[in-house]
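J.: First, the structure itself, so that you have it in front of you.
The values are calculated or read from the model by the stated rules, or taken from the named source; none is laboratory data. Please read these numbers as outputs of a predicted model, since none were measured by experiment. With ideal geometry, Cβ positions are generated from the backbone for all residues, glycine too; neighbour counts draw on all protein chains shown.
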Amino acid sequence: MIAAVLLASAIPGVFWAGDPASASELPAAGVKRIYAPPAQVEVWKKQGVTTLPESSLKEYTTVPPPKTQMRNDVAAATSVPWVDANGWRYNRGQQRAFYSSLPPGAAGLAAAEAHAYGVDAVLAPDAADLPALRSMLAFLAKAGDQRLPLMANIGVVDDGSPALGEVLNLLGRRNLTYRVVKDKAPHLDLLVRLGSKDFPVEAAANPNDFAARVREKLTDDKRLLRVYGSYTVIGHLTGDASKGRLYLLNYARNPARDVHFRVLGSYSRVRVLDSADPKLQHSDFSLHRGGTEFTIPVIQTYTIIDLEK
């Protein structure tokens, strides 16, 4: 991903079809790019805002709003949260995303998701979300856009099929850290090839079954990231030999409480950055059997964990 895209991804652009006066807080919140219908472009420009015509959005791929919905579990008479996330699209190589027609309550999470994966994004927020979006953008500016390499020990061979997209989605939902590869990946602990003996195509129809297959083959001792106490928090783990940065996204409308994490490797310091509570701290820190464990008391939307060795 080129440096210009990474720079732009810190603060996403915004598409606003209405009167510029109704969204005057966007430039003050740090939005550098406004996309607007032709009739509104000059109005924005007169306010000194970099404005691009709506037609420029053809360079971006539309993605669905991030959210959680309840679905019946095929194995039990209960409902389980199903996370609709876009991380798998970004891990697969998509670099520009247009979050079109975001429903109320989704703009902040969409901005956070784009930031976590370092993509160049444009949001089309609901008017009611402007205050929440402004708050999230302020947090993104504070958090910065430093990028560390993706940490993963599972390689997934991209065969170009739509079915693979669902495979990547469900691996992300289970916090099984993976990297998309073209063919072989001898430096990784596990290679997943859809249609192979170990990972047949039909197994992907059942997310729980497929994730269990991958987890079993990898073994829990080799998992880079483990999340306890939440079905709706998804982590994106990056790092190098001396430090790590873990991006945590809560896709549910309700806060996730007392979520416990284990990151493989021994880190001496854990620093918490939270979009809702600047004073949030971790608890239960420990180094145990080659891993670093800690608890975050509450994750409302977006929390970033900086790790130092």
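J.: For the list (1) modelled with pLDDT of 95 or more; (2) closer than 19 Å to R147 by Cα, I need the number of the one condition that K309 fails.
T.: It fails just one condition, (1).
J.: Ok, one more. Quick check on segment 238-271: of everything there that is under 15 Å from K309 (Cα atoms) and among the hydrophobic types (A, V, I, L, M, F, W, C), which residue is modelled with the lowest pLDDT?
T.: In this case the residue turns out to be A241.
J.: Consider Y231 against the criteria (1) touching a Ser or Thr at 6+ places or on another chain (Cβ under 9 Å); (2) outside the structural domain of I304 (by TED's automatic domain parsing); (3) among the aromatic types (F, W, Y): it satisfies all of them except one. Which criterion is unmet?
T.: (2)
J.: Let me ask you something else. Could you check segment 244-266 and list, in sequence order, the residues that are of a type in the set (S, T, N, Q) and out of contact with any Lys or Arg (no Cβ under 9 Å at 6 or more places or on another chain)?
T.: Residues satisfying the conditions are N250, N254.
J.: Something else now. Out of segment 196-247, which residues are farther than 23 Å from N86 by Cβ, in contact with an Asp or Glu (Cβ under 9 Å, 6 or more places away or on another chain), exposed (fewer than 15 other Cβ atoms within 10 Å of the Cβ) and of a type in the set (G, A, S)?
T.: Across segment 196-247, the qualifying residues are G229, S242.
J.: I've got another one for you. Every residue in segment 121-130 that is in contact (Cβ under 8 Å) with a residue 60 or more places away in the chain and either under 13 Å from the mean Cα position of the chain (by Cα) or surrounded by fewer than 22 Cβ atoms within 10 Å (Cβ to Cβ) (or both), please.
T.: Listed by number, the residues that qualify are A121, A124, A127, L130.
J.: Going residue by residue through segment 163-171, is there one that turns out to be assigned by TED's automatic domain parsing to the domain that holds V14 and under 15 Å from the mean Cα position of the chain (by Cα)?
T.: There is no residue in segment 163-171 that is assigned by TED's automatic domain parsing to the domain that holds V14 and under 15 Å from the mean Cα position of the chain (by Cα).
J.: List pairs: first residue in segment 35-46 and without any contact (Cβ under 8 Å) to a residue 60 or more places away in the chain and assigned by TED's automatic domain parsing to the domain that holds P20, second residue part of a loop (DSSP other than H, G, I, E, B) and surrounded by 19 or more Cβ atoms within 10 Å (Cβ to Cβ) anywhere in the structure, Cβ distance under 8 angstrom, at least six positions apart or on different chains.
T.: Final answer for the pair search is A36/W16; Q40/W16.
J.: Would it be correct to say that E59 is over 23 Å from D274 (Cα atoms) and either buried (at least 18 other Cβ atoms within 10 Å of the Cβ) or not assigned by TED's automatic domain parsing to the domain that holds L246 (or both)? Quick ask: steps written out before the conclusion?
T.: Working: over 23 Å from D274 (Cα atoms): yes; either buried (at least 18 other Cβ atoms within 10 Å of the Cβ) or not assigned by TED's automatic domain parsing to the domain that holds L246 (or both): yes.
Yes.
J.: Select from segment 138-191 the residues that are surrounded by 15 or more Cβ atoms within 10 Å (Cβ to Cβ), of a type in the set (D, E, K, R) and under 21 Å from A241 (Cβ atoms) and list them in ascending order.
T.: The answer is R179, D189.
J.: Now for a different question. For segment 280-299, does any single residue satisfy the condition of being touching a Lys or Arg at 6+ places or on another chain (Cβ under 6 Å) and of a type in the set (A, V, I, L, M, F, W, C)?
T.: Scanning segment 280-299 turns up at least one residue that is touching a Lys or Arg at 6+ places or on another chain (Cβ under 6 Å) and of a type in the set (A, V, I, L, M, F, W, C).
J.: Can you find a residue in segment 239-246 that is basic (K, R) and closer than 17 Å to M151 by Cβ?
T.: To start, the set of residues in segment 239-246 that are basic (K, R) comprises 243, 245.
Now restrict to residues that are closer than 17 Å to M151 by Cβ: 243, 245.
Yes; the residues of segment 239-246 include at least one that is basic (K, R) and closer than 17 Å to M151 by Cβ.
J.: Name the residue, out of A141, A110, that is more than 29 Å from G195 (Cα to Cα), of a type outside the set (K, R) and at pLDDT 95 or above.
T.: Values: A141 fails: at pLDDT 95 or above.
One residue alone meets the criteria, A110.
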